[in-house]
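Visitor: After the structure tokens below, expect a handful of questions from me.
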Amino acid sequence: MDFYGYFRSSSSYRCRIAFGLKGVDYTFKPIHLKNGAQHSDAYKALNPQGLLPALITDTGERLIQSLAILEWLDETYPEPPILGRDPLTRARERAFAQVIACEIHPLQNLRVLKYLADDLSLGDAEKNAWLARWLTDGLEACEALLALRETETTFCYGDTPGLADICLVPQMFSAGRFGVDVSSLTRINAVYEACQGVEAFDNAHPRHQPDFEA
């Protein structure tokens, strides 16, 4: 299968983690966001949104949106699972993932930051305040969700990593990249540290990608 992504894209990062956890091989097709490759006619013919990631399956089917790709992976390659076996756990994992993918991440997206700078003429300090406001709010909500668990677990919702962890780690990476202080969020930091000991998370890190730029 062909996977279209970018080393620093959080949504691409999520998919790379899941590929690694499930041992699924793919051919990487880099799309350079900073150079605007996502806006090319060729890529928009593949994904009309002009966003990452995109996946072409072995049977030639086209998939977009990271959460949809992750659920497709879990249904197509069920072992090891990235969603809990019982409906309640699955609902909680999906909710946690959506806090990140639907509420936090869109507000740090490159196209939003470009709009703030180019159309609204915000300076770096104002953009940084924007990022700190929304990333902090969202990650504090994630911390509160973990505090509601009936049992403390190594990963977000169990003793093996799943959908929530797959979404959390790239978001924590982004918080660090943007200089957002999340040191007080003890539960999500503990999960983040646990994930660092899992090979699939390490291999998916931006610094290990073929299109990495320091």
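Visitor: As an exercise, take the mean of 1/r over every pair of distinct alpha carbons in the stretch 2-80, invert it, and state the Kirkwood radius in angstroms.
Guide: 12.6 Å
Visitor: Would you calculate the convex hull of the Cα atoms in the chain and tell me its volume per residue in Å³?
Guide: 121 Å³
Visitor: How many nm separate the modelled label positions at Asp118 and Lys29, each set 7 Å beyond the Cα in the direction of the Cβ?
Guide: For Asp118 paired with Lys29, the spin-label model returns 2.4 nm.
Visitor: Same structure again: Rounded to the nearest 20 Debye, what is the dipole magnitude of the stretch 2-80 about its Cα centre when Lys and Arg each give +1 and Asp and Glu each give -1 at the C-beta?
Guide: Around 500 debye, computed over the stretch 2-80.
Visitor: Choose one of Leu88, Leu163, Leu33: the residue whose Cα lies farthest towards the positive end of the charge dipole of the chain (beta-carbon charges +1 Lys, Arg; -1 Asp, Glu; about the Cα centre).
Guide: Positive-end residue among those listed: Leu33.
Visitor: Could you work out Rg/(2.2 N^0.38 Å) for the stretch 87-201, with Rg from alpha carbons only?
Guide: Against the compact-globule rule of thumb, the ratio is 1.12.
Visitor: Report the one residue of Asn189, Phe19, Leu122 whose Cα lies farthest in the direction of the positive end of the charge dipole of the chain (charges on C-beta: Lys and Arg +1, Asp and Glu -1; origin at the Cα centre).
Guide: Leu122
Visitor: Something else about it: With an 8 Å Cα cut-off and a minimum separation of 6 or more residues, compute the relative contact order for the chain in percent.
Guide: Result for the chain is 26 percent.
Visitor: Still on this structure, please answer the following. Taking H as built 1.01 Å from N, whose amide H comes closer than 5 Å to the amide H of Phe28, not counting residues under 5 places away?
Guide: Excluding prolines and chain starts, which carry no amide H, the hits are Phe3.
Visitor: May I pose another question? Could you line up Asp211, Asp181, Asp25 from fewest to most neighbouring Cβ atoms inside 10 Å?
Guide: Asp25, Asp181, Asp211
Visitor: Work out how much length Gln196 to Gln49 would gain on full extension: take 0.36 nm times their residue separation and subtract the Cα-Cα distance, in nm to one decimal.
Guide: Going from the current span to full extension adds 49.7 nm.
Visitor: How high is the relative contact order of the stretch 87-201, given as a whole-number percent (alpha carbon pairs under 8 Å, six or more residues apart)?
Guide: Answer for the stretch 87-201 is 31 percent.
Visitor: Please work out the C-alpha center-to-center distance from the stretch 9-57 to the stretch 99-119 and express it in whole Å.
Guide: 18 Å
Visitor: Spin-label point model (7 Å from Cα, Cβ direction): what's the Cys102 to Thr154 distance in nm?
Guide: Output for this residue pair reads 3.0 nm.
Visitor: Report ³J(HN,Hα) in whole Hz for each residue of the stretch 162-175, in order, from the Karplus equation J = 6.51 cos²θ - 1.76 cosθ + 1.60 where θ = phi - 60°; Gly and Pro get x.
Guide: 3J(HN,Hα) across the stretch 162-175, in whole Hz: x, 4, 4, 5, 4, 7, 5, 4, x, 5, 5, 4, 5, 4.
Visitor: 222 nm [θ] for the chain, helices only, -39500 (n - 2.57) per DSSP H run of 4+, per residue, to 500?
Guide: That comes out to -14500 deg cm²/dmol.
Visitor: Sticking with this structure for a sec: Need the list of lysines near Lys114 for cross-linking: C-alpha distance under 25 angstrom, and skip anything on the same chain fewer than eight residues off.
Guide: Cross-link targets: Lys29, Lys34, Lys44, Lys127.
Visitor: If the convex hull of the alpha-carbon atoms of the stretch 28-130 is projected onto planes in all directions, what is the mean projected area in square nanometres?
Guide: Averaged projected area of the stretch 28-130's Cα convex hull equals 8.7 nm².
Read-outs throughout are calculated quantities, based only on the coordinates presented, and are distinct from any laboratory measurement. All of these numbers come straight from a predicted model, not from anything done at the bench. Glycine gets a Cβ as well: all are built from the backbone with ideal geometry, and neighbour counts include every protein chain shown.
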